[in-house]
1. How big is D for the stretch 40-153, in µm² s⁻¹ as a whole number, if Stokes-Einstein is applied with the Kirkwood radius of its Cα pairs at 20 °C and 1.002 mPa s?
2. For the stretch 60-124, what is the largest minus smallest coordinate of the Cα atoms on each principal axis, given in angstrom and ordered from greatest to least?
3. Whole-Hz Karplus ³J(HN,Hα) for the stretch 118-133, in order, using 6.51 cos²θ - 1.76 cosθ + 1.60 and θ = phi - 60°, x for Gly and Pro?
4. What accessible area, in Å² to the nearest ten, does a 1.4 Å probe give for Val83?
5. Taking the alpha carbon gyration tensor of the stretch 9-102, what are the square roots of 5 times its eigenvalues, largest first, to the nearest whole Å?
Amino acid sequence: MTDHHDHDHHHDEPSWKHDGVQVIKGDRLDPNTAQTPGMFRQAAINHARVGAQKIWAGTVAIEPNAKTGVHHHGALESVIFVVRGKARMRWGEKLEFTAEAGPGDFIFVPPYVPHQEINADPENVLECVLVRSDNEAVVVNITDIDPVEKPETVYWVDPIHKHPHD
């Protein structure tokens, strides 16, 4: 019998059955992750759970009318996708800037930017999906920031879609 008919895996090949795609059920997320007061984070994808090398993903929930403590994520980039609810983000050295996002919107938070998430809906939980650019959830909670009372609203327009007269 010739070995090109051999369908067994060789020892140096990955076993895709165990090293391939993994499904993490929404009711099996891990709350044992870095937390910020006022929000509840749960990890879905990280190094400890699935062996992720370069990303972290999970969910975050913020109660109605609640706001989180001010924090940043070190050198990590973060993407927040709003699943349901109304998010208001404040950021800056004095939280002087603000923007809002709703279901279907993505929010990008660059490294080291002090920010605060606010649930702008008085009646419904804000639910988001969170993705970070490293496999561990770095969270630096900031307690000595002095927020301005009325933050400046920032309307962000994608540079590709700006009008010539802007």
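The values are calculated or read from the model by the stated rules, or taken from the named source; none is laboratory data. Since we're looking at a predicted model, the values are computed, not measured. Side chains included, ligands, DNA and RNA excluded: accessible areas come from the protein's heavy atoms. Shrake-Rupley method; radii C 1.70, N 1.55, O 1.52, S 1.80 Å.
1. Estimated via Stokes-Einstein, D reaches 150 µm²/s.
2. Over the stretch 60-124, Cα extents along the principal axes are 33, 22, 17 Å.
3. 10, 7, 7, 9, x, 10, 10, 5, 8, 10, 9, 9, 10, 10, 10, 8
4. 60
5. They are 34, 15, 12 Å, listed from largest to smallest.
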